[in-house]
Structures are given as C-alpha cells and as structure tokens.
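This report refers to the structure that appears directly beneath it.
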Amino acid sequence: MRVLISTWGWRSHFFPLVPLGWALRAAGHEVLVASQPALVGTITAAGLPAVAVGADLDFAEVFGGRIGRVADGDADEPAPDSVAPMITADGGVVRYADAMLDALVAAGRSWRPDLVVYEPYNLAGPIAAAALDVPGVRHLWGPDSSTAIGIDEDGIIAPRAARFGAGRVDLAGALTIDPCPAPMQVPLAGPALPIRFVPYNGPAVLPGWLLDPPRRPRICLTWGTMMAGVDLPGTLALRTVAEALCGLGAEIVVAVDAAQHADLAGLPADVRVADSPLALHLLLPGCRALVQQGGAGTTMTGLACGVPQLVLPQVSDQHFNAVRLAATGAGTVLTDDAVTGERIRERVADLLAADHWRDAARVAAGRVAAAPSPADVVASLQELVHTREVAAV
C-alpha cells in the first residue's frame, strides 16, 4: 500500500501517529507524512518521509481568545459558564484546514495513495481522502473529544469538498483507529479498530541519572508539547505548580520544552529541570505521580506507563481528557478556582499515599497493553484497501 498520513503542523498532533507509520514501513508499505513546513524536521527526525504542504500558521494568533473549554463529557457538574463548543467557519480548525487543503490534495494526486490517515480536527484529511477517492482513516490520540463539538458540515465541509469534485465527506472516515481503552473512551461514531498506544515523545537520550533507582518518590511535572512556549492569558504558570510540589519529600522532575526553562530558575534543590529533551516514556516508569495539563499524548503516555495522574487542564480538550481519565480511577483533576498551591500539594500527596490510585493505574496500563499492536492493525488496513478495490471492480 501507499499510505498518506496528514497532520497539522503541531508535534502533539503528529506524535501519536508515529508508531503506526513505523509499523506500516516495517511491513513493507510506503508512507508519506504531509504537514505544514514547520513540522518537516520533526517528521524526518521520527524516521518517516515528509512532504511540506500549505503554509505555516501561528498557533497563538490563530487560536488566541478562541480556545474554549470542550464539553466535559460525563462530568457530574458542567462548568456554569460553559457553552456548547462549535467548529466555526472563521475558527482555528477551519483556518488550519484551509492553510493546507489545496496543497494536500495536489500532493495526493501526484503521489496516488491507497489510503489517507489523519488525526482529529484535521478537516483537510477526510476532504483530501474524498477528493482522491480513497478510504480515509481517522487516528484518535485518546478520548474522542470531537463527540462533544458541533460542526456545520453543509456550510463548512461540503463547499470545500465540492471544489475537488468530491461528494459527501465522512469526518469519522471509513474506520477510526482507537488507542483509548474503556472506560476512558466515549461511544464512537462508525466502525472502530482498537490499537495499542505506543508512546512516542520525540527523539531523546536516556540521561545517566535515570539508570539509578530513585531514592525518594519521584514526581514528573510536564506541560506537554502543544502549549510549550505559547503564552496564553489566564493559564496556570508552570512555576506555580513546581513550587506547590516542593515539601512533599519527593524528587520533582520537570520535563518541559527548553523555551520554558527560564521561568524555572531558582527553584529548590528537590526540583530537577531536565536540561535536554526527555521522553516521558523513559521517565514515567520510575515515577509515583504525574502532574500535567491534560494533553492527549501526555495523558495516554501516563496511562500506558501505569502512573497516577493529577491533571490541571487549561484549555480546549484538556478538560475533556481530564474527566475521562478520572472515570478510570487512575487520576484526578483540579480546575478553575480549585487550583491553588495548597490544593495541588494535597492532591499529589494523596496520589503518593493511597493504594487505590496505583491499583487503578495498573489496571488501565494493562488494558492499554492488551490492545492489538500497530503491526496487527496494518493487516486490517490492508483488508480495508483490498475490499475497496474489489468493490470498485
């Protein structure tokens, strides 16, 4: 097969797709990853071939003031000021689609894939699949927050598809690849195929200090990849969280983008700021707790490693992911006015002390490990393509 993988120019969107790309290549299939120019170096660093499509956009400019709180799914008490989130014609999701759609279809018409794989909210992916008349496959990162977000398909999707002579576009694709185990996942639309979540957090070197067992309980604090270096008003300061974790008798390892290091100068000695990129899947197996914002990649990596989590969601689907994680019993969440240094310290102390968090995290990790591997999923994708080809004859 020839498989075209389409992703926004964000590391957090691309990283969960990498293990499937590896599995496809290892099985002898051709893979090409299409994204905006700024992501090309990240794609090739993962060992996958890239093609630049469209124009780069500035995340803060596109989404500043527009990142609403995704509905909390099964939250017992929705936020009193919450409104139903929507993908609008002038919003960031559509702007990202428009920035790469024409070039993505052009690249596809030249390269002639048998299949297009795309991540959630990447509207260009399913439209391109329809324009190329090949199956589209949606690859989730974790809980499907798109189930809580509305979109005017007639007003947004249909006219863009019509430009390429395509008919109806199924945003969920012919198949959804789902790495998220029950009970964390929500009901999905259309056929779904489970896949084992294999953490990929970018290129990394194992530091020597990680080879020795920790002398004290180790806590990982990370702020994810999407928000690294992005200054959005009203979000919780990383330093505030780091300071709140001091005094627990633990070793706090802060794994963040280098752009955030300046904000962490002068912290107490029990805080270790990783001085080089540190992949979470290397760090978390030795940790007793994970404190983070609720990005899907970070949350799923913590789940796969069996580490209890405290989520401090700041924007968008981080709130959704936090609520779904809490449903597993493997983590807890603090939002809005509940986020104070004292409350953070109390919650993490409980994660360290109470057995039920660790027990639930181990169960969740077992469910992740029991799912079919990316290599197993490749055979299902081959069958999808074969069935489509037979039907066409």
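Against the list (1) over 21 Å from the mean Cα position of the chain (by Cα); (2) more than 25 Å from R138 (Cβ to Cβ); (3) crowded, with 18+ Cβ neighbours inside 10 Å, the condition P308 fails is (1).
In the set G208, G224, G266, only one residue is of a type in the set (G, A, S), modelled with pLDDT of 80 or more and open to solvent by less than 70 Å² (accessible area, probe 1.4 Å); that residue is G208.
Helices (runs of 4 or more DSSP H) fully within region 1-82 that include at least 3 residues being modelled with pLDDT under 95 and farther than 23 Å from S380 by Cβ: 59-63. Taking the conditions (1) in contact with an Asp or Glu (Cβ under 7 Å, 6 or more places away or on another chain); (2) farther than 23 Å from G295 by Cβ in turn, V53 satisfies each one other than (1). Here is the figure for region 229-263: residues that are modelled with pLDDT of 80 or more, outside any helix (DSSP H, G or I) and either more than 23 Å from L334 (Cα to Cα) or of a type in the set (A, V, I, L, M, F, W, C) (or both) total 9.
Of all residues in region 317-369, those being part of a helix (DSSP H, G or I) and touching a helix residue (DSSP H, G or I) at 6+ places or on another chain (Cβ under 7 Å) number 12.
Return the only residue of D114, D154, D102, D90 being open to solvent by 40 Å² or more (accessible area, probe 1.4 Å) and touching a residue at least 60 places away in the same chain (Cβ under 8 Å). Answer to the selection: D114.
Can you tell me which residues in region 157-188 are closer than 21 Å to Q318 by Cα, open to solvent by 40 Å² or more (accessible area, probe 1.4 Å) and of a type in the set (A, V, I, L, M)? Correct list: A182, L188. M100 fulfils the conditions (1) under 25 Å from L193 (Cβ atoms); (2) under 23 Å from the mean Cα position of the chain (by Cα); (3) modelled with pLDDT of 95 or more except for a single criterion, (1). Look at D359 and say whether it is at pLDDT 95 or above and open to solvent by 20 Å² or more (accessible area, probe 1.4 Å). When the stated conditions are applied, D359 passes them.
The values are calculated or read from the model by the stated rules, or taken from the named source; none is laboratory data. Treat the numbers as computed from the prediction; the structure is a model and nothing was measured. Backbone-built Cβ (ideal geometry, glycine too); neighbour counts: all protein chains shown. Ligands, DNA and RNA are excluded from the accessible area calculation, which covers all protein heavy atoms including side chains. Shrake-Rupley method; radii C 1.70, N 1.55, O 1.52, S 1.80 Å.
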